[in-house]
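The values are calculated or read from the model by the stated rules, or taken from the named source; none is laboratory data. Since this is a predicted model, take the numbers as computed values, not measurements. No Cβ is skipped: glycine too gets one built from the backbone with ideal geometry, and neighbour counts run over all protein chains shown.
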Ligand code: DX5
Ligand code: ZN
(Lines give C-alpha, C1' and ligand atoms only; values in the text may rest on other atoms or scores of the structure.)
(Ligands and ions follow the chains in the order given, each with its own letter.)
Protein backbone atom coordinates (compact mmCIF):
# COMPACT_ATOMS: atom_id res chain seq x y z
CA UNK A 1 0.00 0.00 0.00
CA UNK A 2 1.33 3.44 -0.93
CA UNK A 3 0.86 6.30 1.50
CA UNK A 4 1.15 10.06 1.08
CA UNK A 5 2.70 12.40 3.64
CA UNK A 6 1.99 16.02 2.64
CA UNK A 7 4.68 18.42 3.88
CA UNK A 8 3.30 21.56 5.50
CA UNK A 9 6.44 23.42 4.40
CA UNK A 10 4.45 24.35 1.28
CA UNK A 11 1.18 25.05 3.10
CA UNK A 12 -0.47 28.42 3.57
CA UNK A 13 0.20 29.07 7.26
CA UNK A 14 -2.56 31.68 7.42
CA UNK A 15 -4.94 28.74 7.37
CA UNK A 16 -2.82 25.81 8.41
CA UNK A 17 -5.60 23.94 10.22
CA UNK A 18 -7.86 24.12 7.21
CA UNK A 19 -5.11 22.95 4.85
CA UNK A 20 -4.35 19.98 7.09
CA UNK A 21 -8.05 19.05 7.31
CA UNK A 22 -8.28 19.22 3.51
CA UNK A 23 -5.45 16.74 2.90
CA UNK A 24 -6.66 14.49 5.70
CA UNK A 25 -10.10 14.25 4.07
CA UNK A 26 -8.51 13.68 0.65
CA UNK A 27 -6.61 10.59 1.84
CA UNK A 28 -3.28 11.64 3.34
CA UNK A 29 -1.75 9.10 5.73
CA UNK A 30 0.64 11.37 7.67
CA UNK A 31 1.39 15.04 8.12
CA UNK A 32 5.08 15.66 7.36
CA UNK A 33 6.73 18.48 9.32
CA UNK A 34 10.12 19.75 8.15
CA UNK A 35 12.17 21.03 11.05
CA UNK A 36 15.28 23.06 10.14
CA UNK A 37 17.68 24.93 12.38
CA UNK A 38 19.67 27.10 9.96
CA UNK A 39 22.78 24.98 10.69
CA UNK A 40 22.18 21.48 9.42
CA UNK A 41 19.88 22.82 6.72
CA UNK A 42 20.09 26.27 5.13
CA UNK A 43 16.66 27.38 6.30
CA UNK A 44 14.77 28.07 9.52
CA UNK A 45 11.34 26.54 9.83
CA UNK A 46 9.23 25.29 12.70
CA UNK A 47 9.65 23.75 16.14
CA UNK A 48 7.60 21.85 18.74
CA UNK A 49 5.32 24.86 19.18
CA UNK A 50 3.88 24.42 15.67
CA UNK A 51 3.71 20.64 16.07
CA UNK A 52 1.41 21.24 19.08
CA UNK A 53 -0.97 23.15 16.79
CA UNK A 54 -0.72 20.53 14.06
CA UNK A 55 -1.61 17.95 16.73
CA UNK A 56 -4.82 19.83 17.48
CA UNK A 57 -5.68 20.01 13.77
CA UNK A 58 -5.50 16.31 12.84
CA UNK A 59 -5.82 12.73 13.98
CA UNK A 60 -3.21 11.62 11.43
CA UNK A 61 0.22 10.59 12.68
CA UNK A 62 2.70 13.48 12.62
CA UNK A 63 5.95 12.67 10.83
CA UNK A 64 8.65 15.02 12.17
CA UNK A 65 11.69 15.23 9.89
CA UNK A 66 14.47 16.75 11.98
CA UNK A 67 17.06 18.54 9.87
CA UNK A 68 18.81 19.90 12.93
CA UNK A 69 22.14 19.43 14.69
CA UNK A 70 22.08 17.49 17.96
CA UNK A 71 18.53 16.19 17.49
CA UNK A 72 18.67 14.53 20.94
CA UNK A 73 18.16 17.97 22.48
CA UNK A 74 14.70 18.13 20.94
CA UNK A 75 13.41 14.55 20.68
CA UNK A 76 11.42 14.73 23.94
CA UNK A 77 9.97 18.15 23.09
CA UNK A 78 8.70 16.92 19.71
CA UNK A 79 7.29 13.74 21.23
CA UNK A 80 5.50 15.77 23.92
CA UNK A 81 4.17 18.15 21.28
CA UNK A 82 2.51 15.20 19.54
CA UNK A 83 4.93 13.83 16.94
CA UNK A 84 4.37 10.11 16.28
CA UNK A 85 7.32 9.49 13.97
CA UNK A 86 10.70 11.18 14.32
CA UNK A 87 13.51 10.90 11.81
CA UNK A 88 17.10 12.09 12.10
CA UNK A 89 20.10 12.44 9.79
CA UNK A 90 23.14 10.33 10.79
CA UNK A 91 25.50 13.30 10.23
CA UNK A 92 23.62 15.36 12.80
CA UNK A 93 24.32 13.14 15.80
CA UNK A 94 27.55 11.62 17.20
CA UNK A 95 25.83 8.49 18.49
CA UNK A 96 23.14 7.44 16.04
CA UNK A 97 22.36 4.20 17.87
CA UNK A 98 21.77 6.14 21.09
CA UNK A 99 19.56 8.68 19.32
CA UNK A 100 17.48 5.85 17.84
CA UNK A 101 16.89 4.39 21.33
CA UNK A 102 16.08 7.85 22.61
CA UNK A 103 13.34 8.33 19.98
CA UNK A 104 11.90 4.92 20.78
CA UNK A 105 11.92 5.62 24.52
CA UNK A 106 10.01 8.79 23.78
CA UNK A 107 7.28 6.55 22.34
CA UNK A 108 7.76 7.39 18.65
CA UNK A 109 8.47 5.40 15.52
CA UNK A 110 12.06 5.90 14.43
CA UNK A 111 13.39 6.93 11.04
CA UNK A 112 16.85 7.60 9.67
CA UNK A 113 17.35 9.98 6.75
CA UNK A 114 19.88 9.90 3.94
CA UNK A 115 20.85 13.02 2.02
CA UNK A 116 21.44 12.59 -1.72
CA UNK A 117 25.23 12.34 -1.22
CA UNK A 118 25.09 10.21 1.94
CA UNK A 119 25.87 6.54 1.24
CA UNK A 120 23.68 3.68 2.42
CA UNK A 121 26.65 2.43 4.48
CA UNK A 122 25.92 5.18 7.04
CA UNK A 123 22.84 3.29 8.24
CA UNK A 124 23.84 -0.30 7.56
CA UNK A 125 24.50 -1.11 11.22
CA UNK A 126 21.18 0.28 12.46
CA UNK A 127 18.83 -0.59 9.64
CA UNK A 128 17.29 -3.47 11.57
CA UNK A 129 16.50 -1.09 14.46
CA UNK A 130 14.46 1.49 12.59
CA UNK A 131 10.86 1.65 11.41
CA UNK A 132 11.60 3.60 8.24
CA UNK A 133 14.35 5.05 6.10
CA UNK A 134 13.72 8.45 4.58
CA UNK A 135 15.57 8.89 1.33
CA UNK A 136 16.13 12.52 0.34
CA UNK A 137 15.73 13.04 -3.38
CA UNK A 138 16.68 16.73 -3.03
CA UNK A 139 19.12 18.47 -0.71
CA UNK A 140 17.49 19.58 2.57
CA UNK A 141 16.29 23.15 2.77
CA UNK A 142 13.41 24.02 0.53
CA UNK A 143 10.24 22.80 -1.12
CA UNK A 144 9.87 22.90 -4.85
CA UNK A 145 13.31 21.56 -5.84
CA UNK A 146 13.87 19.14 -8.69
CA UNK A 147 13.95 15.39 -8.05
CA UNK A 148 17.51 13.97 -8.28
CA UNK A 149 17.20 10.98 -10.67
CA UNK A 150 20.00 8.89 -9.10
CA UNK A 151 17.70 8.51 -6.06
CA UNK A 152 15.88 5.75 -7.95
CA UNK A 153 18.92 3.50 -8.18
CA UNK A 154 19.78 4.27 -4.55
CA UNK A 155 16.27 3.26 -3.55
CA UNK A 156 16.59 -0.10 -5.28
CA UNK A 157 19.88 -0.69 -3.43
CA UNK A 158 18.22 0.38 -0.18
CA UNK A 159 15.45 -2.14 -0.78
CA UNK A 160 18.09 -4.87 -1.21
CA UNK A 161 19.89 -3.79 1.96
CA UNK A 162 16.63 -3.90 3.95
CA UNK A 163 15.98 -7.43 2.71
CA UNK A 164 19.54 -8.58 3.33
CA UNK A 165 19.47 -7.32 6.93
CA UNK A 166 15.98 -8.76 7.61
CA UNK A 167 14.87 -5.24 8.48
CA UNK A 168 11.20 -4.27 8.70
CA UNK A 169 12.02 -0.70 7.68
CA UNK A 170 9.68 1.01 5.25
CA UNK A 171 10.98 3.38 2.59
CA UNK A 172 9.89 7.01 2.50
CA UNK A 173 10.99 9.36 -0.27
CA UNK A 174 11.21 13.13 0.12
CA UNK A 175 11.77 15.86 -2.45
CA UNK A 176 10.53 16.69 -5.91
CA UNK A 177 7.87 13.98 -5.92
CA UNK A 178 4.69 14.59 -7.90
CA UNK A 179 2.26 12.84 -10.24
CA UNK A 180 4.91 12.91 -13.00
CA UNK A 181 7.29 10.55 -11.16
CA UNK A 182 5.17 8.91 -8.42
CA UNK A 183 4.74 5.63 -10.31
CA UNK A 184 8.48 5.41 -10.93
CA UNK A 185 9.45 6.01 -7.30
CA UNK A 186 6.91 3.49 -6.07
CA UNK A 187 8.11 0.90 -8.58
CA UNK A 188 11.65 1.48 -7.25
CA UNK A 189 10.52 0.71 -3.69
CA UNK A 190 9.01 3.80 -2.06
CA UNK A 191 6.09 3.09 0.28
CA UNK A 192 5.52 6.58 1.70
CA UNK A 193 5.73 9.64 -0.56
CA UNK A 194 6.36 13.05 0.95
CA UNK A 195 4.91 15.82 -1.18
CA UNK A 196 5.11 19.53 -0.47
CA UNK A 197 4.61 21.71 -3.51
CA UNK A 198 2.86 19.00 -5.56
CA UNK A 199 0.00 19.14 -3.06
CA UNK A 200 -0.07 22.55 -1.37
CA UNK A 201 1.03 24.73 -4.28
CA UNK A 202 -1.73 23.26 -6.43
CA UNK A 203 -4.90 25.24 -6.92
CA UNK A 204 -6.91 22.40 -5.41
CA UNK A 205 -4.77 20.53 -2.82
CA UNK A 206 -7.42 17.84 -2.29
CA UNK A 207 -7.58 17.03 -5.99
CA UNK A 208 -3.76 17.20 -6.26
CA UNK A 209 -3.41 14.71 -3.42
CA UNK A 210 -5.90 12.31 -5.01
CA UNK A 211 -4.12 12.58 -8.34
CA UNK A 212 -0.78 11.84 -6.67
CA UNK A 213 -2.25 8.82 -4.92
CA UNK A 214 -3.69 7.50 -8.19
CA UNK A 215 -0.33 7.96 -9.95
CA UNK A 216 1.49 6.27 -7.06
CA UNK A 217 -0.87 3.30 -7.01
CA UNK A 218 -0.23 2.75 -10.70
CA UNK A 219 3.48 2.34 -9.79
CA UNK A 220 2.53 -0.30 -7.23
CA UNK A 221 1.17 -2.49 -9.97
CA UNK A 222 4.51 -2.51 -11.80
CA UNK A 223 7.26 -4.89 -10.70
CA UNK A 224 10.63 -3.16 -10.85
C1 LIG B 1 13.16 19.48 1.96
C2 LIG B 1 12.05 18.87 2.79
C3 LIG B 1 10.91 18.33 2.01
C4 LIG B 1 10.17 19.34 1.19
C5 LIG B 1 9.49 18.62 0.07
O6 LIG B 1 14.20 19.85 2.80
O7 LIG B 1 12.57 17.79 3.57
O8 LIG B 1 10.01 17.62 2.86
O9 LIG B 1 9.21 20.05 1.91
O10 LIG B 1 8.93 19.56 -0.82
P11 LIG B 1 8.67 19.22 -2.34
O12 LIG B 1 7.73 18.03 -2.36
O13 LIG B 1 8.05 20.45 -2.89
O14 LIG B 1 9.99 18.87 -2.95
ZN1 ZN C 1 11.03 16.43 4.73
Q: Would you mind stating whether residue 208 is within 12 Å of ligand 1 (Cβ to nearest atom) and farther than 28 Å from residue 123 by Cβ?
A: yes
Q | Only listed residue being touching a helix residue (DSSP H, G or I) at 6+ places or on another chain (Cβ under 9 Å) and within 9 Å of ligand 1 (Cβ to nearest atom), chosen from 190, 198 | A | 198
**Q.** Candidates 51, 75 - the one that is within 16 Å of ligand 1 (Cβ to nearest atom) and in contact (Cβ under 8 Å) with a residue 12 or more places away in the chain
**A.** 51
Q.
So residue 39 ticks every box in (1) crowded, with 16+ Cβ neighbours inside 10 Å; (2) more than 17 Å from the chain's Cα centre (by Cα); (3) not in a helix (DSSP H, G or I) but one. Which box is left unticked?
A. (1)
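Yes/no matrix, rows are residues, columns are (1) more than 24 Å from residue 186 (Cβ to Cβ); (2) within 16 Å of ligand 1 (Cβ to nearest atom):
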residue: 4; (1), (2): no, yes
residue: 41; (1), (2): yes, yes
residue: 61; (1), (2): no, yes
residue: 70; (1), (2): yes, no
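Each row is one residue, and each column tells you yes or no for (1) within 29 Å of residue 13 (Cα to Cα); (2) modelled with pLDDT under 95; (3) surrounded by 17 or more Cβ atoms within 10 Å (Cβ to Cβ).
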{"residue": "168", "(1), (2), (3)": "no, no, no"}
{"residue": "182", "(1), (2), (3)": "yes, no, yes"}
{"residue": "187", "(1), (2), (3)": "no, no, yes"}
{"residue": "190", "(1), (2), (3)": "yes, no, yes"}
{"residue": "193", "(1), (2), (3)": "yes, no, yes"}
{"residue": "198", "(1), (2), (3)": "yes, no, yes"}
{"residue": "213", "(1), (2), (3)": "yes, no, yes"}
{"residue": "216", "(1), (2), (3)": "yes, no, yes"}
{"residue": "221", "(1), (2), (3)": "no, yes, no"}
Q: Answer yes or no as to whether residue 111 is assigned to a loop (DSSP other than H, G, I, E, B) and either surrounded by fewer than 16 Cβ atoms within 10 Å (Cβ to Cβ) or modelled with pLDDT of 95 or more (or both).
A: no
**Q.** Condition check for residue 4: in contact with a helix residue (DSSP H, G or I) (Cβ under 8 Å, 6 or more places away or on another chain), free of Cβ contacts under 8 Å to residues at least 40 places away in the same chain and assigned to a strand (DSSP E or B)
**A.** no
Q: Within the range 88-95, identify whether any single residue is touching a residue at least 40 places away in the same chain (Cβ under 8 Å) and crowded, with 16+ Cβ neighbours inside 10 Å, and answer yes or no.
A: yes
